[in-house]
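Inspection log for the structure reproduced underneath, given as structure tokens.
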């Protein structure tokens, strides 16, 4: 299977590395071409204008779910015209008492070509299949909720 990688770069900007006295801001580089400024979540002192790892995790899940849904829809002959999602990562304590992303909610909105209609049940079944086949969802196990709008 493929090895898929990123490069992460952080440099200390403060004179010393002391608790509460340094920045977590860093760069994540994708494919040696795209740099993304990343920081800790705002609740943990990060810059709210930067992406944080929890958002990146929600983004990875949302993207994977959408690509899986599109592949299944194409195979079924469903003419998807657009797909939008709002993914939300929830922080909290897991059963071990550790801070974690306890759940990620997806809110996909799928639009089809004019004249094509599927029932709410068919759409829910296809979203469920996409969830079951998505690599990232399989990595995260049971912490994903899909709310079809």
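A short reminder: the numbers here are calculations on the coordinates, not readings from a lab. Because the structure is a prediction, the values reported are computed rather than measured. Ideal geometry is used to build each Cβ from the backbone, glycine not excepted, and the neighbour counts take in all protein chains shown.
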- For the range 69-139, what is the Kirkwood estimate of the hydrodynamic radius, computed as the reciprocal of the mean inverse distance between distinct Cα atoms, to one decimal in Å? 14.0 Å
- Message: Which of 54, 121, 25 has the fewest other C-beta atoms within 10 Å, and how do the rest follow up to the most?
- Response: 121, 25, 54
- Task: Give the span of the chain's Cα atoms along each principal axis, as three whole-Å numbers ordered largest to smallest.
- Result: 63, 38, 31
- Message: Please report, in whole Å³, the volume per residue of the convex hull around the C-alpha atoms of the range 1-78.
- Response: 137 Å³
- Label-point separation, residue 122 to residue 51 (7 Å along Cα→Cβ), nm: 3.5 nm
